[in-house]
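Working notes, beginning with the structure itself.
The values are calculated or read from the model by the stated rules, or taken from the named source; none is laboratory data. Keep in mind the model is a prediction, meaning the values are calculated, not measured. Note: ideal-geometry Cβ built from the backbone for every residue, glycine included; neighbour counts use all protein chains shown. Keep in mind that these areas ignore ligands, DNA and RNA; they rest on the heavy atoms of the full protein, side chains included. Shrake-Rupley method; radii C 1.70, N 1.55, O 1.52, S 1.80 Å.
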Amino acid sequence: MMAARAFRELRILIPFAAAIALWWGIKDGIGVSNTLLASPAQVWTAFVYLATHGVLAEYAATSLQMIGVAAAISFALGVPLGFAVGTNRYAARALEGTLRFLQGISGIAWLPLAILWCGFTHTTTLIVVIYTLIVPIVFNTMTGVRAIPENYVLALRSLGASRLRIVVDVYFPGALPSIVVGLRLGMGYGWRALIAAEMLVRQGGLGDLIFGARTFNQIDRIMVGMIAIGILYIVVDRLLVQPIESMTLARWGVLRR
Amino acid sequence: MASDKISVSGFRHFFPTEDGPVQATGTIDLAIREGEFVTLVGPSGCGKTTLLKAIAGFIAPSEGTILCDGKPVKGPGRERGVVFQELAILPWRTVRRNIAHGLEIAGASKAVRESTVARLVDLMGLAGFEDRYPHELSGGMRQRVAVARTWAADPEIILMDEPFAAVDAMTRLTLQEELGRLCATTGKTVFFITHSVDEAVFLADRVLVMTKRPGTIKAVLEVPRHGSGGRDWDSFTADPEMRNISEQVMHLVHAERGAR
Ligand SMILES: Nc1ncnc2c1ncn2[C@@H]1O[C@H](COP(=O)(O)OP(=O)(O)O)[C@@H](O)[C@H]1O
Ligand SMILES: [Mg+2]
């Protein structure tokens, strides 16, 4: 039993191990030059160097902080906006097209404008990431609110509930599972936008780390950075966002019916 | 007509849609006295819900006026409680917190909330389920909670829109008797919509029959009460007078089905 369980846990690592073996095989077997590809051993050495000198931690901390701040602001702005749009049939219809249009303009496409407005600063990066994150949050909050049966609201109004009261007692709990799905999607898009923005803005963060390493052809560092980006995303998603999602879906999803 | 609790005059409603306005009701006049239990039967789509929603203040009438205690209805209010057919109580609140919701909104103290919940849970046969969520209850119990929630807020008028239509037939009989008893003891003014003739007559002091869409009120029948307290199904079905009234209502309703 224990062994079977441990195997199941480890199973997700098998493709990674296979990829590393393949990578190693290509690098040493074909003899790819160090200017094109670093070997797993070289990457490990670079990792140990960057980790022990605190470089990796510093750049990673910047990225995590940025995504955290962006997520908090997007949530704080996006949820009320989603409520406002979702509770107003006319606004919902009017804004649906606009939201789709904005979904088509990726956050990165805003970088040139944002750089002209705010220069090469964290503000610029935040604009891009918040923009990316907020659209799915607004969209899913709106969808969640619109799926709430009208009778919930009507019944509360005849119990004398104020608008705020209805938001707190009906719209928020009713739309929560959907809001969390939006947040999770947004975090995925936002993380990618963040790394891309960091490469251009160059004010720290893992995107800055890998783009800076390119200047000196430090392929090993680029690869360390890329792996860190992937791992951190898994960590943020698996340890933070996914548990919130399954908690709300397990609890509120059942409670919805 | 100072004693009219609710008075509807010249009411007519149209819903705006993309293909222009849709007429939901014909012209309706009605008055409900304080403490009276009035039921409304009519074919589906004739405008019963529309009328109830207008009295509740959820929709503004296209034409006519609605007075509650002589004052025009301008929106929903705590003096007019509503019970819907389904999807009314909140799935993320326990039975206790659903029932106490109106009191919570009104800012009642915890002691008041708890004693009210205890009383209604007892009255509605929900004892032992106070901390359950709606999805853990049967449809009949959920409707009991909806009724209890409305009663707990203590409105003077209660508007009910086919509250037992989605409940199984056996449970429905019990709920109807319980509702009759509850109303007789609390003296509320009730406006109750149904498409079941038996239910309409069983509960009512007065039955209104509507025509098919766009509905108007085509007949009004008084249902006399003998003694105080609610009716029970056994004596109701054995009473020839009641059977007679039911048959009259049945004919009126069937005529609407036949007419086109
Ligand atoms: N929001 C709405 N928009 C357009 N038409 C509606 C709306 N609500 C109800 N109607 C129409 O008005 C008529 C009366 O509806 P309703 O009052 O719900 O009837 P009932 O409750 O008697 O079944 C129906 O034909 C229905 O299709
Ligand atoms: Mg109806």
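Starting from residues that are among the hydrophobic types (A, V, I, L, M, F, W, C) and open to solvent by less than 30 Å² (accessible area, probe 1.4 Å), keep the ones in segment B:78-91 and report whichever is nearest to residue B:8 (Cα to Cα).
B:82
At least 3 residues being farther than 30 Å from residue B:53 by Cα is the threshold, and among the helices (runs of 4 or more DSSP H) wholly inside segment A:105-158 those reaching it are A:111-118, A:122-146. For segment A:48-68, the set of residues classified as open to solvent by less than 70 Å² (accessible area, probe 1.4 Å) and hydroxyl-bearing (Ser, Thr, Tyr) consists of A:59, A:62, A:63, listed by residue number. With respect to the conditions (1) open to solvent by 10 Å² or more (accessible area, probe 1.4 Å); (2) at pLDDT below 90; (3) under 24 Å from residue A:155 (Cβ atoms), residue B:180 lacks only one, and its number is (2). Entry remark, segment A:121-155: residues being within 22 Å of the chain's Cα centre (by Cα), surrounded by fewer than 18 Cβ atoms within 10 Å (Cβ to Cβ) and hydrophobic (A, V, I, L, M, F, W, C) number 0 in total. Of the helices (runs of 4 or more DSSP H) that lie entirely inside segment A:166-257, not one contains 1 or more residues that are within 29 Å of residue A:121 (Cα to Cα) and within 14 Å of another protein chain (Cβ to nearest Cβ).
State whether one or more residues within segment B:166-187 are within 14 Å of another protein chain (Cβ to nearest Cβ), in contact with an Asp or Glu (Cβ under 8 Å, 6 or more places away or on another chain) and touching a residue at least 40 places away in the same chain (Cβ under 8 Å). Yes: segment B:166-187 contains one or more residues that are within 14 Å of another protein chain (Cβ to nearest Cβ), in contact with an Asp or Glu (Cβ under 8 Å, 6 or more places away or on another chain) and touching a residue at least 40 places away in the same chain (Cβ under 8 Å). Exactly one residue out of A:114, A:92, A:71, A:109 is away from every other protein chain (no Cβ under 14 Å) and open to solvent by 40 Å² or more (accessible area, probe 1.4 Å), and it is A:109.
Only one of the numbered conditions (1) touching a strand residue (DSSP E or B) at 6+ places or on another chain (Cβ under 7 Å); (2) modelled with pLDDT under 95; (3) over 30 Å from residue B:257 (Cα atoms); (4) open to solvent by less than 20 Å² (accessible area, probe 1.4 Å) is violated by residue B:3, and that is (4).
Screening residue B:27 on (1) of a type in the set (Val, Ile, Thr); (2) closer than 21 Å to residue A:166 by Cβ; (3) surrounded by fewer than 22 Cβ atoms within 10 Å (Cβ to Cβ); (4) within 16 Å of ligand 1 (Cβ to nearest atom) shows it passes everything except condition (2). Which numbered condition trips up residue B:15, out of (1) away from ligand 2 (no atom under 15 Å from the Cβ); (2) touching a Pro at 6+ places or on another chain (Cβ under 7 Å)? Residue B:15 satisfies all of (1) away from ligand 2 (no atom under 15 Å from the Cβ); (2) touching a Pro at 6+ places or on another chain (Cβ under 7 Å) except (1).
Summed over segment B:32-43, residues that are surrounded by fewer than 16 Cβ atoms within 10 Å (Cβ to Cβ) and either within 16 Å of ligand 1 (Cβ to nearest atom) or within 19 Å of residue B:165 (Cβ to Cβ) (or both) total 0.
All told, residue B:75 meets the bar of being within 14 Å of chain A (Cβ to nearest Cβ), exposed (fewer than 15 other Cβ atoms within 10 Å of the Cβ), within 30 Å of residue B:41 (Cβ to Cβ) and of a type in the set (Gly, Ala, Ser). Looking across segment B:27-53, the residues that are within 24 Å of residue B:255 (Cβ to Cβ) and within 14 Å of another protein chain (Cβ to nearest Cβ) come down to B:49, B:50, B:52. From the list B:112, B:121, B:95, B:117, the one residue that fits, being more than 8 Å from chain A (Cβ to nearest Cβ) and open to solvent by 30 Å² or more (accessible area, probe 1.4 Å), is B:112. Filtered by the rule that a residue be free of Cβ contacts under 8 Å to residues at least 40 places away in the same chain, within 11 Å of another protein chain (Cβ to nearest Cβ) and either in contact with a Leu (Cβ under 8 Å, 6 or more places away or on another chain) or within 15 Å of ligand 1 (Cβ to nearest atom) (or both), segment B:54-72 gives a lone residue, B:58. Of the numbered criteria (1) away from ligand 2 (no atom under 16 Å from the Cβ); (2) open to solvent by less than 10 Å² (accessible area, probe 1.4 Å), the one residue B:46 fails is (1). Checking each residue in segment B:220-243 for being surrounded by fewer than 12 Cβ atoms within 10 Å (Cβ to Cβ) and not small (Gly, Ala, Ser) picks out B:220, B:222, B:224, B:226, B:234, B:240, B:241. The selection criterion, being open to solvent by 10 Å² or more (accessible area, probe 1.4 Å), within 11 Å of chain A (Cβ to nearest Cβ) and in contact with a Gly (Cβ under 7 Å, 6 or more places away or on another chain), holds for residue B:105. Being open to solvent by less than 30 Å² (accessible area, probe 1.4 Å), more than 30 Å from residue B:7 (Cβ to Cβ) and touching a residue at least 40 places away in the same chain (Cβ under 8 Å) is a property that holds for residue B:100. List pairs: first residue in segment A:135-162 and within 14 Å of chain B (Cβ to nearest Cβ), second residue in a loop (DSSP other than H, G, I, E, B) and among the charged types (D, E, K, R) anywhere in the structure, Cβ distance under 6 angstrom, at least six positions apart or on different chains. As it stands, the answer is A:160/B:78, since those pairs meet every condition given.
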